[in-house]
Amino acid sequence: MSILKLTHLNVHFPTQDGVVKAVNTVDLEMANGERLGLIGETGCGKTVLGMSIIRLLQLATKVEGKIVYKGKDLLKLSEEEMRKIRGKEIAMILQNPTTSLNPVLKVGDQIAEAIQLHQGLDKRAAKEKAIEMLESVKISSPEKRANEYPHQFSGGMKERAMIAMGLACNPSLIIADEPTKGLDVTIKMQIVKLMKEVTKRKSMLFITHDLGAAAEICDNIAVMYAGELVEYAKTEDIFKNPLHPYTRGFLNSLPSMGLKPIRGMSPSLIDLPTGCRFHPRCDHASAKCKTEHPEMVEIENGNYVRCFLYT
Ligand code: SF4
């Protein structure tokens, strides 16, 4: 049974320079207990997609399509109904804990606040639960740490605190947005290991540009480019046999694969290329690729790709 199903999701928002078409006709389904990686370069729309699921976008944003969570279309819920789901049913672990944590509140109190709000515990019980959560993400001396402020935490510890906060209300679905961003290699590996451990038997949309982290944690991977999905496959298939030229280029740009960057730049989401959005950077582009837009097609075993090389 699916826990989340996005159907023809479009998310566009106005800016002074024009309309940003951040998410375009995205269809995506997550099974209960699945950990799905959403990968792509910075600015491809993946964070906006994650934020749209819990409706945390600015008011002027136009969201169209369906976001069905456990049978309910979240786009049809009132803000009050949505508030009950946010944090309790669906939790988001935001990127950049330095700006996401409140600098003037003790870390334990921030976690306890979320617990009080969603679980109806009194202040003392919520604080005790917050300490337990800090312990569960392997923060040593959790009682002492719960009474410290964010500036007293290292980068890795802040990330752990964010994970503790996300998990505090035992959500059914976690949306983790770049939890390893900006961390050094050793700390990153620790956080990846922790995320893998604490999300066992949970459903998680893991948004990242870090393919290594996604490979370690996720069952399936969806690749996003210029606001749309271009490939979806089981994690091992993506690594063994990437199909889309962008996925192949993205893999080749990893340090372990020789650090060969994809030529050119990602297009602006305000002014998307005609035809295949990847054609200005693709070594296989034909005349058709410049004018016609490829659809996502199933290749085999539930793996999908958007590229004329396969149709
Ligand atoms: Fe390259 Fe054409 Fe495939 Fe786009 S459709 S990825 S331009 S070959």
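The values are calculated or read from the model by the stated rules, or taken from the named source; none is laboratory data. Remember, predicted model here, so these are calculated numbers, not experimental data. Here Cβ is always computed from backbone atoms with ideal geometry, including for glycine, and neighbour counts include all displayed protein chains.
List of remarks:
- The set of residues in the range 273-285 that are more than 17 Å from V223 (Cβ to Cβ) and more than 6 Å from the ligand (Cβ to nearest atom) comprises P273, T274, G275, P280, D283.
- Of the helices (runs of 4 or more DSSP H) lying entirely inside the range 89-140, the ones with 1 or more residues being hydrophobic (A, V, I, L, M, F, W, C) and buried (at least 16 other Cβ atoms within 10 Å of the Cβ) are found at 107-119, 123-136.
- Being more than 24 Å from L183 (Cα to Cα) and in contact (Cβ under 8 Å) with a residue 24 or more places away in the chain holds for only one residue in K129, K138, K123, and it is K129.
- Residue in the range 218-231 that is within 16 Å of the ligand (Cβ to nearest atom) and over 23 Å from G37 (Cβ atoms) present: no
- Hits in the range 13-31 - residues which are in contact with a strand residue (DSSP E or B) (Cβ under 8 Å, 6 or more places away or on another chain) and either closer than 25 Å to V305 by Cβ or without any contact (Cβ under 8 Å) to a residue 24 or more places away in the chain (or both): K21, A22, V23, N24, T25, V26, D27, L28, E29, M30, A31
- Enumerated strands (runs of 3 or more DSSP E) restricted to the range 173-290, each holding at least 3 residues that are within 25 Å of R86 (Cβ to Cβ) and in contact (Cβ under 8 Å) with a residue 60 or more places away in the chain: 173-177, 203-208, 220-225
- Looking across T42, T7, one residue alone is touching a residue at least 40 places away in the same chain (Cβ under 8 Å), surrounded by fewer than 15 Cβ atoms within 10 Å (Cβ to Cβ) and not in a strand (DSSP E or B). It is T42.
- Restricted to the range 290-308, and to residues there that are more than 28 Å from E236 (Cβ to Cβ) and within 10 Å of the ligand (Cβ to nearest atom), the residue that is surrounded by the most Cβ atoms within 10 Å (Cβ to Cβ) is H293.
- Test result for M257, more than 16 Å from N24 (Cα to Cα), away from the ligand (no atom under 16 Å from the Cβ) and surrounded by fewer than 22 Cβ atoms within 10 Å (Cβ to Cβ): yes
- Checked against the criterion of being of a type outside the set (D, E), within 20 Å of L28 (Cα to Cα) and in contact with a Pro (Cβ under 6 Å, 6 or more places away or on another chain), the range 290-311 contains one or more residues that satisfy it.
- Every condition in (1) more than 24 Å from T25 (Cα to Cα); (2) surrounded by fewer than 18 Cβ atoms within 10 Å (Cβ to Cβ) holds for K62 except the one numbered (1).
- One residue alone among K240, K193, K181, K188 is touching a Gly at 6+ places or on another chain (Cβ under 9 Å) and of a type in the set (D, E, K, R), and that residue is K188.
- When K158, K200, K188 are screened for being modelled with pLDDT of 90 or more, of a type in the set (K, R) and either more than 12 Å from the chain's Cα centre (by Cα) or surrounded by fewer than 19 Cβ atoms within 10 Å (Cβ to Cβ) (or both), only K158 passes.
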